Ligand SMILES: [Zn+2]
């Protein structure tokens, strides 16, 4: 082994051990050094060194002392042992989510404390992506200033895009709504910021929503290792967790349930195929069938969908018929997704959560393996309309928890 390789491996081991300490604290909230030693299998001197490094970086802080004898491996008789917990109150994350006509900016610290939350009705120009980056600058700068005013140094900025994102390049691969193809939106925004955080990334909304709902499901004690998230709002999308891992694929176009061919030779789709699910069951089709396409054009999709479900709940016959036909198509997609992936839980996002009962048949063996028990649990998204945003914040936080050695206090 040469010295360079040996040093690199030593660095890797230390980085791994720092991440293990942060992961345990994230799981249990607070722990003594003795507990950390027992959990990580490291001798107490090594744990003390790791904790000191994390304290210097203000990633952990003292949280009192345990009584002598507490914990799985108590220290010498009569001496209390120091308890530590995750700090990170000086580290901030900002998420900028853009939709047609709206931008939401939310910031938290490492502990999840909300430091900034703004929703703005803004013109989001289509065509030249630089024009959208220009629009995002002011709310992003305000959000970063909000973090700093709260004493948190911005370490990561995530832009949540309603479009497929290439997992390798981080570019927005394609957007019909915005007229884009292969756009490096992170670079466009970073170049416009006077003092950008060290990490600027663009994330797909369905993927981040799937991550958030998986974390929420795990925390609720439910099965989360084989999960499908399906949503309908301005389009139809979703994400998949297989054997505990989010399916990212090697292209931006993994798991696009809206573009499953549903009617052979059907209406032309913006993706180039014919008869995709969105062409017969997309939100625009639903709103048109309910006579609300004019309202959608004037007031936006969210307002039109609110009106749609108000009329539906009031029993308006045209609306009820439109929603039932839409739900029948969506149920077909749900059944086929379950046949292909056999999830243990399906999480419904967007307005799918509002039509859950229409998507399910009595008992619903049709979602399980043919002729066998084992249909998935079908639940509404725990984060509601905030799944994508919460998922992006969680992913930002995860980058620090996984690589604490790269973060240094300023
Ligand atoms: Zn299509």
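The values are calculated or read from the model by the stated rules, or taken from the named source; none is laboratory data. Here the structure is a predicted model, which is why all the values come from computation and not from measurement. No Cβ is skipped: glycine too gets one built from the backbone with ideal geometry, and neighbour counts run over all protein chains shown.
A few points about this structure:
- Matching residues, the range 236-257, being surrounded by fewer than 22 Cβ atoms within 10 Å (Cβ to Cβ) and either not in a loop (DSSP other than H, G, I, E, B) or not assigned by TED's automatic domain parsing to the domain that holds residue 345 (or both): 242, 245, 246
- Single unsatisfied condition, residue 354 versus (1) free of Cβ contacts under 8 Å to residues at least 12 places away in the same chain; (2) more than 16 Å from the ligand (Cβ to nearest atom): (1)
- Boolean, residue 319 is crowded, with 19+ Cβ neighbours inside 10 Å, within 13 Å of the ligand (Cβ to nearest atom) and at pLDDT 95 or above: no
- One residue stands out among those in the range 215-235 that are assigned to a loop (DSSP other than H, G, I, E, B) and out of contact with any strand residue (DSSP E or B) (no Cβ under 8 Å at 6 or more places or on another chain): the one that is surrounded by the fewest Cβ atoms within 10 Å (Cβ to Cβ), which is 221.
- Test: residue in the range 7-25 that is over 18 Å from residue 404 (Cβ atoms) and surrounded by 15 or more Cβ atoms within 10 Å (Cβ to Cβ): no
- Any chance residue 186 is surrounded by fewer than 16 Cβ atoms within 10 Å (Cβ to Cβ) and assigned to a helix (DSSP H, G or I): no
- Odd one out for residue 65, checked against (1) at pLDDT 65 or above; (2) surrounded by 19 or more Cβ atoms within 10 Å (Cβ to Cβ): (2)
Here's the yes/no breakdown for (1) within 18 Å of residue 403 (Cα to Cα); (2) in contact with a strand residue (DSSP E or B) (Cβ under 7 Å, 6 or more places away or on another chain); (3) assigned to a loop (DSSP other than H, G, I, E, B):
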| position | (1), (2), (3) |
| --- | --- |
| 37 | no, no, no |
| 42 | no, no, yes |
| 54 | yes, yes, no |
| 65 | no, yes, no |
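- Meets criteria (at positive phi and under 21 Å from the mean Cα position of the chain (by Cα)) for residue 151: no
- Hits in the range 210-235 (condition: within 29 Å of residue 304 (Cα to Cα) and in the same structural domain as residue 305 (by TED's automatic domain parsing)): 228, 229, 230, 231, 232, 233, 234, 235
- Residue 295 being away from the ligand (no atom under 15 Å from the Cβ), over 19 Å from residue 356 (Cβ atoms) and in a helix (DSSP H, G or I): yes
- Count of the range 259-291 residues, restricted to those that are in a loop (DSSP other than H, G, I, E, B) and either near the ligand (Cβ under 8 Å from one of its atoms) or touching a residue at least 24 places away in the same chain (Cβ under 8 Å) (or both), is 10.
- Residue that is surrounded by the most Cβ atoms within 10 Å (Cβ to Cβ) [pool: residues in the range 280-304 that are in contact with a strand residue (DSSP E or B) (Cβ under 8 Å, 6 or more places away or on another chain) and either assigned by TED's automatic domain parsing to the domain that holds residue 102 or under 19 Å from residue 179 (Cβ atoms) (or both)]: 282
- Among residues of the range 112-123, those that are over 22 Å from the mean Cα position of the chain (by Cα) and surrounded by 14 or more Cβ atoms within 10 Å (Cβ to Cβ), counted: 1
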